[in-house]
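> Before I ask anything, here is the structure I am working with.
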Amino acid sequence: MSNTSSIAELLRQPGFTRLLLYRIAGMLSYQIVAVTVGWHIYEVTRNPFSLGLIGLAEVLPYFCVAPFAGYLVDHLPRRKLGMTACLGLIATALMLVAVATGWLPVKGVWPIYLAVALTGMVRAFLSPVYNALFARVLAREQFARGAGFGTVVFQTGMVLGPALGGVLVAVGGKGLSYGVAAFMAVLALVALASLKVSEPAPSQNRAPIFASIAEGARFVLSNQIMLGAMALDMFSVLLGGVVAMLPAFIQEILHYGPEGLGILRAAPALGSICVGLWLARHPLRRNAGRVLLFAVAGFGLCVMAFGLSQSFWLSAAILLFYGACDGVSVVVRSTIMQLVTPDDMRGRVSSINGIFISSSNELGAFYGGSMARLMGLVPAVVIGGCAVLGVAAITAWKAPQLRKLNNLQDL
């Protein structure tokens, strides 16, 4: 069977296509919100540190909710939990519409941070629901290709969401952008509502909640390959993430408007899409661990180059390669997680994975904003790129099982 027909076979399965629609619509919703909130807050404060606070406002509630979200996904109907999360996305987007249009007579940026915090709580359910249902709509032998194609869909949301957010802000203002985000959340809700999938029967011998959460954590910590891939992704993006600083780079260094912000936010995800499509058709069958480590080193070099660039289109090109390197990490980590996780632990393991990801993205935004305030935008980014190279070297040394990983299908 050809690679193209294998992908076509995946897309002929109604359950998988509806699940992908849920994923991309949810992604579009909160990515449009993310880019609009960044522009909104920087427009009011003109302070890079306020951009870092956006990440902190989202990640703290996420951390508080994520362990319990994973437990609930493993013990309650997954589809209904996902639908409830979509309702939460709708509510936060409508709240931001009210703030942007002046329907809520409030001053300052605290209502925006509050909406961001609520989004963080809701997002804790989105990926665990997706990952748990993923294993119910595909056969095990389709996991590697499905994970690759799922990454393409995920990153498509990362491309279209920021681009749409930037264009919508430029054309119709922040209120329109937030309103479209609410519509996308409605679409995700409809996709899950129409999904027909069998779910495991609730366990009659349910472990206490904290013991169950601890069981999931022990499973991840005992698997060096999974833990190494998660930690590598977390620390590289934590130290080298530049996306949160893009509004400041656009206005202070590259001198573009909101449409430029949308382009730069979309460029990394476009690079990830290209890699995801390639890996969906050509899954890694040799030297998967080494490919992953070299990709992270390339990610660090791209971070350094972006910090030194003063040309808008050169910066966009660098971010394209930045996203391609990150895409390798996403596909490899997702495939590992799907192949080695038991079905009754998918929610908890996915939540732990989500904590690693949010640690890198949202805490990375706070770290980047703090470093930019202390050292300036360019020095902070260049030093972060150097740190990523160190992370790749340390991981290669401390996680030999990951370094020696060959064919992912052998897991």
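> What percentage of the solvent-accessible surface of the range 209-410, computed with a 1.4 Å probe over protein heavy atoms, is contributed by carbon and sulfur atoms?
Using a 1.4 Å probe with all protein chains present, the range 209-410 comes out at 67 percent carbon and sulfur.
> Kindly write out, for the range 239-246 in residue order, the coupling ³J(HN,Hα) from the Karplus curve 6.51 cos²θ - 1.76 cosθ + 1.60 (θ = phi - 60°), rounded to whole Hz, with x marking Gly and Pro.
So the Karplus estimates, Gly and Pro as x, are 8, x, x, 10, 4, 5, 8, 4 Hz.
> Across every pair of different alpha-carbon atoms, what Kirkwood hydrodynamic radius in Å does the range 12-195 reach?
Kirkwood hydrodynamic radius for the range 12-195: 16.8 Å.
> Checking the a/c ratio against 1.5 first, then a/b against b/c, what shape does the Cα gyration tensor give for the range 111-167? Spell out each step's value before the answer.
Values: a/c = 5.11, a/b = 1.62, b/c = 3.15.
In terms of gyration-tensor shape, oblate.
> Follow-up. What accessible area, in Å² to the nearest ten, does a 1.4 Å probe give for His282?
Roughly 70 Å² of His282 is accessible to a 1.4 Å probe.
> I would also like to ask the following. Rounded to whole Hz and in sequence order, give me ³J(HN,Hα) for the range 341-355 from the Karplus expression 6.51 cos²θ - 1.76 cosθ + 1.60, θ = phi - 60°, writing x for Gly and Pro.
The phi angles translate into 8, x, 4, 7, 10, 5, x, 5, 5, 5, 5, 5, 4, x, 5 Hz.
> Whole number in Å², please: accessible area per residue of the chain, 1.4 Å probe, ligands, DNA and RNA not counted.
With the other protein chains kept in place, the chain gives 40 Å² per residue.
> If you place +1 on the Cβ of every Lys and Arg, -1 on the Cβ of every Asp and Glu, and leave all else neutral, what size is the dipole of the range 302-411 about its Cα centre, to the nearest 20 Debye?
220
> Over the chain, what is the mean sequence separation of C-alpha contacts under 8 Å (at least six apart), divided by residue count, expressed as relative contact order in percent? Don't jump to the answer; show the numbers that get you there.
Details: 729 pairs, mean separation 119.6, N = 411.
In percent, rounded to a whole number, it is 29.
> For the range 27-157, what relative contact order do you get, as a whole percent, if you take Cα pairs closer than 8 Å and at least 6 residues apart?
Dividing the mean separation by the residue count of the range 27-157 yields 37 percent.
> Hey, what number do you get for the chain at 222 nm if only DSSP H runs of n ≥ 4 count, each worth -39500 (n - 2.57), divided across all residues, to the nearest 500?
Dividing the helical sum by the residues of the chain leaves -28000 deg cm²/dmol.
> Name the residue farthest towards the positive end of the dipole of the range 1-125 from the options Leu60, Tyr71, Leu11, assuming +1 on Cβ of Lys and Arg, -1 on Cβ of Asp and Glu, about the Cα centre.
It is Leu11, whose Cα lies furthest towards the positive end.
> Go through [x] 22.4; [y] 23.0; [z] 21.2 and flag the label whose value is the computed Kirkwood radius over Cα pairs in Å for this structure.
Entry [z].
> In the chain, if the dipole is taken from +1 on Lys/Arg beta carbons and -1 on Asp/Glu beta carbons about the Cα centre, which of Phe294, Gly384, Ser50 is farthest to the positive end?
Going by the charge dipole, the pick is Phe294.
> Along the range 117-132, what does the Karplus equation 6.51 cos²θ - 1.76 cosθ + 1.60 (θ = phi - 60°) give for ³J(HN,Hα), rounded to whole Hz, x for Gly and Pro?
Using θ = phi - 60°, the values come out as 4, 5, 4, x, 5, 5, 4, 4, 9, 5, 5, x, 5, 4, 5, 5 Hz.
> Projecting each Cα onto the charge dipole of the range 209-410 (Lys/Arg +1, Asp/Glu -1 at the beta carbon, about the Cα centre), which of Gly271, Ser334, Leu239 comes out farthest on the positive side?
Ser334
> OK, next. What does the charge dipole of the range 12-195 about its Cα centre add up to, to the nearest 20 debye, if the Cβ of each Lys and Arg holds +1 and the Cβ of each Asp and Glu holds -1? Walk me through the intermediate numbers first.
Values: 13 positive and 4 negative charges, 84 e Å.
It comes to approximately 400 debye.
> Only four residue types carry charge here, +1 at the Cβ of Lys and Arg and -1 at the Cβ of Asp and Glu. Report the dipole size of the chain about the Cα centre in Debye, rounded to the nearest 20.
Working: 28 positive and 15 negative charges, 131 e Å.
Magnitude of the dipole: close to 640 debye.
The values are calculated or read from the model by the stated rules, or taken from the named source; none is laboratory data. As the structure is a computational prediction, the values presented were derived from the model and not from experiment. A quick note on method: Cβ atoms are made from the backbone with ideal geometry, for glycine too, and the neighbour counts reach across all protein chains shown. Just the protein is used for accessible areas: all its heavy atoms, side chains included, with ligands, DNA and RNA removed. Shrake-Rupley method; radii C 1.70, N 1.55, O 1.52, S 1.80 Å.
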